Amino acid sequence: MQEKVSIKLLPQEADNNDIIKAYILKALDVKQHELSGFRITKKSIDARSKQPYINLTLQAYINEPFNNYKFEKIIFRDVHHAKNSIIIIGAGPAGLFAALKLIEYGIKPVIIERGKDVRSRRRDLATLNKQGTLNTESNYCFGEGGAGTYSDGKLYTRSNKRGSIQNILNLFAQFGADESILYESHPHIGTNKLPHIITAMRQQIEDCGGKILFQKKLVDFTLNKNKIQSISTADGEKLKADAFILATGHSARDIFILLYEKKIKIEPKPFALGVRIEHPQHIIDSIQYHCSPRDKFLPPAAYSLVNQVNGKGVFSFCMCPGGIIAPASTNNEELVVNGWSPSKRNNPYANSGIVVEVLQRDVINYNGYNQPLNNIPLPLSGIFFQQAIEKKAFIEGGGKFVAPAQRLSDFVNNKVSASLPECSYLPGIATADMRNILPSFIFSTLQQGFKNFGNKMRGYLTNEAVIVATESRTSSPVRIPRNDETFQHPQLDNLYPCGEGAGYAGGIVSAAMDGEKVATAIIQKFLNKSS
Ligand SMILES: Cc1cc2nc3c(=O)[nH]c(=O)nc-3n(C[C@H](O)[C@H](O)[C@H](O)COP(=O)(O)OP(=O)(O)OC[C@H]3O[C@@H](n4cnc5c(N)ncnc54)[C@H](O)[C@@H]3O)c2cc1C
C-alpha cells in the first residue's frame, strides 16, 4: 500500500531521514518494519512566521516493496536515415528541447547555432569578465544552451501546464540534473552544473543522428511563394529543409531586422526594463527568515516582489540568491546586466532584476533616441528603445563594460553616491546618476517601487544595496506571429517561430515547453503526411 503524507518540520528535522521516518510512522500509525521506504514528492519553505518550517509531501510504502521510481525516461530514436529534416536555428532551451522531441518521434533535427560550444564559450565569458572585451557572437546570451547555460538555472515558470512542466523537469533530470528539481517548489540547477547537462543533451542528439553546427549563423533566406526555400549562413553555406524552427532568442536583433527587411510580419510587444539590485545575502536572509545569521539548514533566501505605481507594474525578475551579476551584452558599447548563481548559491550577495513594464505608448513617447522616431520602424521600436538606454549605460559606466551604479537609498533620495559598496559584478561598477540613463517614467516608477518594497520587506531599502544598469533583456520586445494551432508563420508555411525571441516564452522552462510544442506540431504534420 502507498500512502501520501504531508508533514511540517523544522529545517534541521527535514534534513534527517530518521526523523522524517519517525513522523511518517506517527502520522500513519504504522510500525517501523511496515514502512519499507519513502520518497519526497514536494518540498517547500514556509517562512511566514518567526520560525521557518519545511513542508514535505511524501509517498510512503507500507507493507509493500519500496519502489524508488522517480520519472519515466524518454527513449530517443535513431534518426540517422530519417526521411524529413528540420533545421532549428538557435541552440537555446527552445531549440534543444524541440530537437529532442523531434528525435523522440523519429525526425532528424539539424541545429545551427551562431555561438560556440559550452567549453569554448566559457573562455569568452572569462575574457569579458576580466578584460571587458566582448565577443559579439559568444557571450552570456549566444552559444550552446542559449541564454540559460550560464544562468541560475531557475526552473520555475508562471505557466500552469503542470504535465508539460513535469516533462521538462524529467528531461533535465534524465540528462543529469539533481533529482531534487523534481520535488522542490522552486527548483534550480546552477551555473556550474548546467553546461554538463547541455553537453549531455548535445551528445544524445548527435548519437541519435541529429546535428548541431556551431559558429553557424543565419544571415539571410530566400523565399519561394509562401515558403522559405533556403537559408544562408555567415560562412556562405546555403541550407534547405522541410521546415525551419526559428528559436533565436530575444537578443538576436539582427534576426528581427532581417525579418522586417524581408517584409515578414513581426509585431511590437510589451516588455520590461530597469536595473539589477544587489544586497548582501545576510540582509535578505534576516528579512525573509526573521533570524540572523541564517539557520544552516535553510538555503540562502530568495524574494519575489511586485507592485503597481500609478498604474505601472514594477516587479522583481530572475532573483538569484547567493549569486553574481553578469555582463549580458551582445553588442559593443551597450551595457546589459543579468544574474546567475552556482548550484549551492554560496556567494555573499543576493541579486535581482527590478523592472518596470514598458508599453508601446511608452516607447513612442520616449525622447531619448539619437534619431527621429519616424525613422524607426514601429515593429522594431522596442529594440531601439532598449538599445538607446543600453548605450547611455555604457557611456555612464566609462567603457569596458564597467556598469553605472548607485546605492539604493541614494537612488531613492536623488543623491549620486559618493562611494559604492562591494559588488559581485566582475567588470566593475562606477558611481553614476541613473537619471542620465533611465527614461523618467522608469526612473520615477522604480523610485516609488523601491519605497513600497522597503515597506513590505523592512530593511530592503538600504544604502548597503547597490543598483546597476541596465536590466533590459527581460523579454522580447517583438512577437513573430504564428498560427495558434499549427504554429506556422501566417505568411510562411514552413517557418515556425519559437521560444522567447518569438514572444512565446519567458525563461528556461517555458522556452523548453514551447520548443516541445512547436516540434509536436511539426511531428503531427509530417507523420500525418507519411501515414
Ligand atoms: C545571465 C542569464 C541568467 C538567466 N537566468 C535564468 C534563470 O535562472 N531561469 C530562467 O528561467 N531563465 C533565465 N534566463 C533567461 C533564459 O535563459 C531565457 O529565457 C531562455 O534561455 C530563452 O530560451 P530560448 O531558447 O527561447 O532563447 P535563447 O536561450 O536566447 O537561445 C537562442 C539561441 O539562438 C542563437 N542564435 C541567435 N541568433 C542566431 C542566428 N542568426 N543564427 C544561429 N543561431 C542564432 C543564440 O546564440 C542562442 O544560443 C537567464 C538569462 C541570462 C542571460
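Table for the structure above
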read-out	value
Principal axis box of region 2-62, alpha-carbon based, largest edge first, Å	36, 17, 17
When the chain is reduced to its Cα atoms, the Kirkwood hydrodynamic radius in Å	24.4
Straight-distance crosslink candidates among lysines, where the alpha carbon sits under 26 Å from Lys415 and sequence neighbours closer than 8 are dropped	Lys312, Lys391, Lys392, Lys400, Lys451, Lys456
Where region 2-137 is the region considered: accessible area per residue in Å², 1.4 Å probe	53
Residue (of Gly145, Ile181, Tyr156) at the positive-pole extreme of region 129-185, dipole from beta-carbon charges	Tyr156
Whole-Å distance, taken between Cα centres, linking region 452-515 and region 253-280	9
Inter-label distance, nm, simple model (7 Å from Cα along the C-beta direction), Leu213/Ile19	5.7
Rounded percent of accessible protein surface that carbon and sulfur make up, region 433-531, 1.4 Å probe	45
Protection-proxy order for peptides 377-383, 103-109, 43-49, each taking the mean of Cβ atoms within 10 Å per residue, highest first	103-109, 377-383, 43-49
Distance in nm between pseudo-label sites at Arg77 and Leu527 (7 Å out along the Cβ direction from Cα)	0.7
Amide H partners (placed H, <5 Å) of Lys108, local residues excluded	Asn84, Ile86
Rel. contact order, % - alpha carbon contacts under 8 angstrom, at least six apart, region 128-247	18
Accessible area of region 2-62 belonging to carbon and sulfur atoms, whole % at 1.4 Å probe	43
For region 403-518: accessible area per residue (Å², 1.4 Å)	33
Proximal charge balance of Asp117 [Cβ under 14 Å; K/R count +1, D/E count -1]	+4
For the chain: relative contact order, % (alpha-carbon pairs under 8 angstrom, 6 or more apart)	18
Reachable lysines, given that their alpha-carbon falls under 21 Å from the alpha-carbon of Lys8 and they are not under 8 places away in the same chain	Lys21, Lys26, Lys31, Lys42, Lys43, Lys50, Lys296
Ordering of 50-58, 355-363 by packing [mean C-beta count within 10 Å, highest first]	355-363, 50-58
Dipole axis of the chain (+1 Lys, Arg; -1 Asp, Glu on Cβ), positive-most option in Gln387, Gln406, Leu125	Gln387
Asp254-Ala200 pseudo-label distance in nm [points 7 Å out on the Cα-to-Cβ vector]	3.3
Dimensionless Rg ratio for region 197-335, taking C-alpha atoms and the 2.2 N^0.38 Å reference	1.55
Accessible area of region 375-416 belonging to carbon and sulfur atoms, whole % at 1.4 Å probe	53
Region 167-226, relative contact order in percent, only Cα pairs under 8 angstrom and at least six apart counted	23
Surrounding net charge for Phe175, when Lys and Arg each add one and Asp and Glu each subtract one, Cβ distance under 11 Å	+3
Gained length - Asp484 relative to Thr222, 0.36 nm times residue gap less alpha-carbon distance	91.8 nm
Length gained when the stretch Ser159-Ser419 is fully extended (0.36 nm per residue, less Cα-Cα span)	89.4 nm
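The values are calculated or read from the model by the stated rules, or taken from the named source; none is laboratory data. Note that the coordinates shown come from a computational prediction; the quantities given were computed from them, not determined experimentally. In this analysis, Cβ positions are derived from the backbone assuming ideal geometry, glycine residues included, and neighbour counts consider all displayed protein chains. Ligands, DNA and RNA are stripped out before the accessible areas are found, and what is left, the full protein with its side chains, is counted by its heavy atoms. Shrake-Rupley method; radii C 1.70, N 1.55, O 1.52, S 1.80 Å.
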